[in-house]
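Here's the structure we're looking at; comments come further down.
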Amino acid sequence: MDISIHASFLPQDDPEAALAFYRDTLGFEVRNDVGYEGMRWITVGPAGQPGVSIVLHPPGVDPGITDDERRVITEMMAKGTYGSILLSTGDIDGIFERLQAGDAEVVQEPTDQPYGVRDCAFRDPAGNMVRIQQRQG
């Protein structure tokens, strides 16, 4: 079977802050920016990898979500426990410096983990956990 991940979804509650983080700080390309009824869905991805994207979407707009569920999503985003993504790089220390200089919220400085990776972690402007690992080999 030939299957791959095309897009992952992360909530965003401030499109301009999301753009500043993913485009300007991380250096991702903007692939699509769609507005509808005052909301925006922004698709970004790493340069040179057109088949891999992150869709930054308004939280709680999926059909069938109740007001109570929407409230829980908003609360979880505020605490930073709703969305997360794992990225990889060949230069964890360089990426860490770039993110730290861009005023991203540092959760963990680059650390050698007991399970064999070196990684760091940040929160994006919506509170999503962005963990970045150093590629091995």
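The values are calculated or read from the model by the stated rules, or taken from the named source; none is laboratory data. If you're wondering where the values come from, they're calculated on a predicted model, not measured in any experiment. Glycine gets a Cβ as well: all are built from the backbone with ideal geometry, and neighbour counts include every protein chain shown. In case anyone asks, the SASA skips ligands and DNA or RNA and just uses the protein heavy atoms, side chains included. Shrake-Rupley method; radii C 1.70, N 1.55, O 1.52, S 1.80 Å.
Yes/no per residue for (1) in a loop (DSSP other than H, G, I, E, B); (2) at pLDDT below 95; (3) hydroxyl-bearing (S, T, Y); (4) under 17 Å from the mean Cα position of the chain (by Cα):
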site: R31; (1), (2), (3), (4): no, no, no, yes
site: V44; (1), (2), (3), (4): no, no, no, yes
site: P63; (1), (2), (3), (4): yes, yes, no, no
site: T74; (1), (2), (3), (4): no, yes, yes, yes
Looking at the range 109-125, which of the residues that are free of Cβ contacts under 8 Å to residues at least 12 places away in the same chain and closer than 15 Å to G90 by Cα is least open to solvent (accessible area, probe 1.4 Å)?
T111
Looking at the range 104-125 only, could you name the residues that are under 15 Å from the mean Cα position of the chain (by Cα) and of a type outside the set (A, V, I, L, M)?
E105, C120, F122, R123, D124, P125
Any residue in the range 86-108 that is open to solvent by less than 80 Å² (accessible area, probe 1.4 Å), more than 21 Å from Y22 (Cβ to Cβ) and either touching a residue at least 40 places away in the same chain (Cβ under 8 Å) or of a type in the set (G, A, S) (or both)?
no
State whether one or more residues within the range 6-20 are surrounded by 14 or more Cβ atoms within 10 Å (Cβ to Cβ), over 12 Å from the mean Cα position of the chain (by Cα) and without any contact (Cβ under 8 Å) to a residue 40 or more places away in the chain.
no
Could you tell me which numbered condition G64 fails, if it satisfies all but one of (1) surrounded by 12 or more Cβ atoms within 10 Å (Cβ to Cβ); (2) more than 27 Å from C120 (Cα to Cα); (3) free of Cβ contacts under 8 Å to residues at least 12 places away in the same chain?
(1)
Tell me, yes or no, whether the range 36-45 has at least one residue that is of a type outside the set (A, V, I, L, M, F, W, C), in contact (Cβ under 8 Å) with a residue 12 or more places away in the chain and within 14 Å of F21 (Cα to Cα).
yes
